[in-house]
């Protein structure tokens, strides 16, 4: 019996209370980049929030994407392991891509800046589930001597299955 392939997404919220060096760097550099990039969409300095800029000019929606460039080096230092998400043995969970989202920001008040990083895994074989636990395999169904290497992840806030494909 074939099992489905799934992709997981984990969202990390980063705000002024950032604790780790990675989070502080992401907070500071996304805010600085936002201040620079927002000038294009706020020439008359009429707006203070990203939401206001997007309402006035839908092209300002690209700010989410543009501020992501400022943190590429920090994300590379993660070596494709999702910060804050581990399997039941404490091993890091690998991601394939990440997306940046400005949840809220005010160009006049740094303390109101909130950014979310969403990490998305490559396709994983969903072997089974029980309770709030997913049994997954990186092997995508390719059996090795009738045995799959698996790992278990507990469902938790900010973790979701974002893609499901029956094979």
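The values are calculated or read from the model by the stated rules, or taken from the named source; none is laboratory data. These numbers come from a predicted model, not from an experiment. We place every Cβ from the backbone using ideal geometry, glycine too, and count neighbours over all the protein chains shown.
Tabulated values for the structure
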item	result
Residue count for the range 132-154, restricted to those that are part of a loop (DSSP other than H, G, I, E, B) and modelled with pLDDT of 95 or more	1
Strands (runs of 3 or more DSSP E) completely within the range 1-119 that count 1 or more residues being surrounded by 14 or more Cβ atoms within 10 Å (Cβ to Cβ) and either modelled with pLDDT under 95 or in contact with a helix residue (DSSP H, G or I) (Cβ under 7 Å, 6 or more places away or on another chain) (or both)	5-14, 81-86, 97-106
Residue pairs meeting the criteria (Cβ under 9 Å; at least 6 apart or on separate chains; first on the phi > 0 side of the Ramachandran plot, in the range 122-135; second loosely packed, with under 14 Cβ neighbours inside 10 Å and in a strand (DSSP E or B))	131/154
